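Only one structure is covered here, and it is reproduced in the block below.
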Amino acid sequence: MSAVRSLRKLGRAALLGASPRHALPDAIEHLAKAHRAHHPGADLDILRRAYVLAEYSHRGQTRKSGEPYITHPLAVTLILAELGAETTTLTASLLHDTVEDTDVTLEQVREEFGEEVSYLVDGVTKLEKVDYGAAAEPETFRKMLVATGNDVRVMSIKLADRLHNMRTLGVMRPEKQARIARVTRDVLIPLAERLGVQALKTELEDLVFAVLHPEEYARTREVIREHNAGPDPLAEIAEAVRGVLREAGIAAEVLIRPRHFLSVHRARSKRGELGPCDFGRLLILVAENADCYAVLGELHTCFTPVMSEFKDFIAVPKFNLYQSLHTAFADAEGRVAEVLVRTRRMHRVAEAGVIALGDPHHAPGEDGADGGERADPTRPGWLERLLEWQSQAPDPDTFWAELRDDLAQDREITVFCVDPDNAARTATLHLPAGATCVDAAYARYGAAGHALVGARVDGRLTTLGTVLRDGDALHLLMAPEGTSGPSPQWLEHAHTPTARIAIRTWLDTHQGDGSRTSGPFDAGDGAGADGTTDVPNAAPAPAVTAVALASAPDERHDPHGRPDLPREEPAAVAVPPGAPVRLARCCTPVPPDAVVGFAVRGGAVTAHREGCPAVARMVAAGRPTVPVRWHAGGAGCRVRLYAEALNRPHLLADLTEAIAAQGAAVVSAEVEPPREHRVRHTYTLRLEDAGELPRLMRAMRDVPGVYDVERTTRRTP
């Protein structure tokens, strides 16, 4: 708080007398020094001009504490300067409340300081309650996030602004303190985490902790005070580590990094009473990446490593730019110390996140920035997703609720999605931890994700609700657009706002209109346990009056109730002796199948497909074969097919409709109980032209959810 008191004093000094033109006002000397520490060659004249405008425009205004208002933009700008923000950010920070709270217009800011400063100031300017009412706060955040999508410096200024307001929250009424603290907890702290600004995040966490949980905060503060009253054993361990690294010839700085209040509270909640080494961690800073691993090797060689605590965030950085090696070891006395190992560059980014990366729009190396360490932070994956779904959430309440849910996800995974039209093309999807196949479909295809009917993860069929893991290879099975849609149960599988909003919109639009939904893995839908299937809300299939789920009326049954007797059907098959020929029902051959005949009682001949198991048995038993062939020209036939599919509502109706559309008549249909979300339908069909069979099978395969259609051979005892 000493920095804040200093700023207040400087703010008062600014009001007591004007500085000579082009001279740096006394009030921003401290700010200029902090800025030059990170950017030695920075031009300070624009800061002087911004301060003069801000001081003049806010003159006469006071904060609720009674202090001159100029102390607030000064404090916010100092926070950013100490984190290494570049000059444009600091200029906009000094002016960030002028358009909102004074007579200064955005056009005036643009004319005096340029387009970039104007954009940043506009990005953090609140929307008026008089215009938006209760929606003002969520719509202000929406506006700010959209602006952040083009320039992350907008959110950097907002975070520093909230930090200073939280530091001075004590002058507010308790109920307003609690409301502001809750928004900070639910929205601003997660944003600070995602942007990697740990220095702001940890202080915000402690300030929110003090407001929302004052009793736990007081207990934690007392525990820390008692610990600090005695010697810190980490100091002795740190000295031992310094000795080890000196002997190894590794240049390193070994520091003790105390846990902040909320971290101590969480550790106590998880572990119980803390030991003397649990109130901080060792921080080891080195010059190069290779030095990090050299340090790790020495620590694991000279001390006893706790391997369960080892994590390599250098090889695999966190989604918010964070890099470090994490480990822990026990010394000779059994004291366990947690350790962070990182380069100084990594430390700067870990503390300041995107603020340390400077201006994303300028070439590397400008304004004193280190060009060799720059990455463009303007569109991280999580922000891209957020900007996409917010545009589909016109209702402020929906946006506010979904924003909090989205920001509650604290980890990101990468999934590789194979393009169904071109397996060589793979899309990389960045999803929040916990995302499912449903989320991936909407992330990949937007509203076209409604057509999802199945998924394969690492080559295996899986449910739509399967939670994806980092590195999964995903193949989404999509129906033709417009042929299917989500079921209400999909909302149980949807983890991301993008998916939830799209599903709700579709359901609201189609509710009650009889539209079919795919819902391939929803419990309670599809085939029943007895193999029968209801066909609700389905249009009647052309040329089909009924679908028999047992035997068709024209089929013969054993009088004693045994399974269907083998039955032959007349067909256009010729044999040299001129005997009547029937098609074997066990394999239902159709042209141009290779066929073989066997004489049966009554002087007839039964024709079987050559590959029919019955043929092998009869030949093995010594039954003579009769040569048969197909008549030239088209001929009707009867065929038995089975379709394997992902279980979903209305599958039987859709398959029956596809069959009828090809001119085939359904003699019977059997549905086996689903197994592991898959179901098999067996159809006995009559075709007017056997040559249409390949086209019929293709039409059946095109039904959403169907992944295999084959000719079937009846299994006989």
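Any read-out appearing in this document is the output of simple, stated calculations on the displayed coordinates, not a laboratory observation. All values reported here derive from a predicted model rather than from experimental measurement. Neighbour counts are summed over all protein chains in view; Cβ atoms, including those assigned to glycine, are modelled from backbone coordinates with ideal geometry.
For the ranges 184-197, 71-84, 651-664, what's the packing order if you count other beta-carbon atoms within 10 Å of each residue, average per peptide, and put the highest first?
Taking the mean over residues of other Cβ atoms within 10 Å, the ranking is 71-84, 184-197, 651-664.
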Determine the dipole magnitude for segment 231-355: charges of +1 sit on the beta-carbon of Lys and Arg, -1 on that of Asp and Glu, nothing else is charged, the reference point is the Cα centre, and the result goes in debye to the nearest 20. 600
Counting Lys and Arg as +1 and Asp and Glu as -1, what is the net charge of the other residues whose Cβ lies under 11 Å from the Cβ of residue 202? -2
Evaluate the charge dipole of segment 411-510 about its Cα centre and quote only its size in Debye, nearest 20, assuming +1 on the Cβ of each Lys and Arg and -1 on the Cβ of each Asp and Glu. 80
What distance in nm separates the simple spin-label points at residue 411 and residue 492, each placed 7 Å from Cα in the Cβ direction? 2.5
For residue 461, residues with placed amide H under 5 Å, excluding near neighbours: none
Rounded to the nearest 0.05, what FRET efficiency do residue 235 and residue 266 give with R0 = 35 Å and r taken as the Cβ-Cβ distance? Could you check? 0.90
At R0 = 56 Å, FRET efficiency that the Cβ-Cβ distance of residue 688 and residue 136 yields, to 0.05: 0.20
Nitroxide proxy distance, nm - points 7 Å out along Cα→Cβ at residue 625 and residue 509: 5.8
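Roughly speaking, what is the stretch gain from residue 103 to residue 186, that is 0.36 nm per residue apart minus the C-alpha to C-alpha distance, in nm to one decimal? Let's see the in-between values first.
Details: separation 83, 0.36 × 83 = 29.88 nm, distance 3.27 nm.
In short, 26.6 nm is gained.
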What ³J(HN,Hα) values, in whole Hz, does the Karplus curve 6.51 cos²θ - 1.76 cosθ + 1.60 give for segment 135-148 when θ = phi - 60°, with x put for Gly and Pro? 7, 4, 5, x, 6, 5, 5, 4, 4, 5, 5, 4, 5, 4
Could you calculate the contour length gain from residue 146 to residue 419, that is, 0.36 nm times the residue separation minus the distance between their Cα atoms, to one decimal place in nm? 95.3 nm
What FRET efficiency would be calculated for the residue pair residue 391, residue 670, taking the C-beta separation as r and a Förster radius of 45 Å, to the nearest 0.05? 0.40
Report the gain in length on full extension from residue 404 to residue 179: 0.36 nm times residue separation, minus Cα-Cα distance, nm rounded to one decimal. 79.6 nm
Relative packing of 396-407, 158-169, which averages over residues the other C-beta atoms within 10 Å, highest first: 158-169, 396-407
